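A quick write-up on the structure given underneath.
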Amino acid sequence: MSALPTAVQPPEDVESDDCLLSYNYLYSPTLLQGRVAFITGGGSGIGFRIAEIFMRHGCDTVIVSRNLQRVTQAAEKLRAATGRHCLALNADVRQPQTLIDAVEESLKTFSRIDILVNNAAGNFLCPASNLSFNAFKSVLDIDTMGTFNASKILFERYFRDHGGVILNITATLSYKGSVLQVHAGSAKAAIDAMTKHLAVEWGPSKVRVNSLAPGPIVGTEGMRRLGGAAAEAMGFWNTIPLQRPGNKTEMAHGALFLASPLGSYVTGTTLVMDGGSWMTSPNHFATTLGTPPSPHL
Ligand code: NAP
Ligand code: COA
């Protein structure tokens with residue numbers, strides 16, 4: 001790794017859905033000791049790394065997604081690397097009953113849930129005019145409805161009586177109106193609004209609610225789907241103030257700040273972790289990739 005000044009030096013990361021080969025603690029290793037986090041989409045990408053970094057700081061985790069095999073394999077890796085407990089469960093965030101079952105199972109296992117990370121999402125590049133009604137709805141169902149479903153269920157089953165932290169993973173897509181992203185941008189903007197509504201309504205119940213909005217993050221499905229390879233080839237990173245994409249460990253460190261006592265007086269806000277990208281990078285970049293084929297043609 002090049003010798004960048006420490007202020008912009010990224011921590012080590014691994015691009016695949018595997019645990020870090022080594023980890024240099026920046027915060028106290030006991031920051032989340034005794035806590036339990038419920039992470040949707042925790043079997044891959046940013047959610048997987050959030051699970052790992054939380055576990056390295058003493059947290060036990062529950063990771064849920066539609067693909068039980070994926071979360072089961074991820075949980076094995078996470079347990080082996082961190083020595084903490086990780087429960088892998090099947091749930092589709094669009095189906096409240098599957099989330100209720102997963103939360104009940106988690107409470108049976110751990111007797112508590114302190115942190116909810118709403119990370120599950122779906123996305124692809126598509127011009128608005130080629131999006132079917134169901135395509136737009138599918139992304140809003142996963143991202144926006146899924147975030148509401150999990151938040152409401154955790155609040156009613158545990159946070160209302162014990163307090164808690166909700167962390168929503170959103171995006172900067174709507175800030176300047178990125179092309180080919182009306183579905184995801186609308187879905188994430190709605191989540192940022194939800195963050196503020198719930199922070200205000202649930203603050204008196206000692207529940208903090210925040211969003212974390214990543215920029216382009218290497219080693220993720222999001223990056224692969226949204227033109228990451230072309231961005232690299234075309235010098236897109238030079239349009240970012242910090243001149244590079246982010247990595248998953250950086251996102252997990254932001255999540256750790258917001259979910260832990262470090263963020264004890266932070267609620268109703270969105271932490272943008274994008275190297276300044278949304279302010280300077282072109283929001284029509286994806287058109288240079290050509291219009292993606294519609295599954296409806
Ligand atoms: P990813 O690996 O594809 O993560 C998405 C996860 O969500 C998958 O593990 C997937 O697992 C799960 N999921 C999808 N639909 C689900 C459903 N209906 N119910 C339950 N789980 C579901 O992608 P990522 O790039 O790491 O993205 C993680 C988060 O970061 C997302 O919220 C994304 O919008 C946000 N983000 C990413 C970037 C980036 O550069 N990567 C930039 C901005 C924001 P299953 O398929 O097994 O269900
Ligand atoms: N372009 C345009 N429309 C698309 C599309 C694409 N690339 N991929 C799917 N769609 C449409 C489908 O055609 C369908 O619409 P239709 O019923 O009118 O034909 C609708 O979206 C739902 O697709 P389906 O495959 O049935 O949904 P799903 O619930 O199985 O999967 C997705 C949801 C589409 C979001 C899928 O890509 C997914 O599971 N993604 C999770 C991982 C991910 O996106 N990670 C990146 C996060 S940033």
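Brief remarks follow.
- Ranked by the mean number of other Cβ atoms within 10 Å per residue, highest first, peptides 49-55, 138-144, 7-13 order as 49-55, 138-144, 7-13.
- Helix-derived mean residue ellipticity, 222 nm - over the chain, DSSP H n ≥ 4, -39500 (n - 2.57), to 500: -11000 deg cm²/dmol
- Taking the protein heavy atoms of the stretch 36-288 in the context of the full set of protein chains, the accessible area attributed to carbon and sulfur is 56 percent at 1.4 Å.
- Ranked by the mean number of other Cβ atoms within 10 Å of their residues, highest first, the peptides 147-156, 14-23 fall in the order 147-156, 14-23.
- Among Lys248, Lys137, Lys108, residue whose mean-square fluctuation peaks in a GNM of the chain (springs only between Cα atoms under 10 Å): Lys108
- Residues considered: Ala74, Ala88, Ala190. Largest GNM mean-square fluctuation over the chain, using C-alpha springs under 10 Å, is found at Ala190.
- Ligands, DNA and RNA are left out, and with a 1.4 angstrom probe the accessible area of the chain is 45 Å² per residue.
- Against the rule of thumb 2.2 N^0.38 Å, how large the Cα Rg of the stretch 36-288 comes out: 0.96
The values are calculated or read from the model by the stated rules, or taken from the named source; none is laboratory data. Only a predicted model underlies this, so the values are computations on that prediction, with no experimental measurement involved. Cβ atoms come from the backbone with ideal geometry, glycine included; neighbour counts cover every protein chain shown. Only protein heavy atoms, including side chains, enter the accessible area calculation; ligands, DNA and RNA are left aside. Shrake-Rupley method; radii C 1.70, N 1.55, O 1.52, S 1.80 Å.
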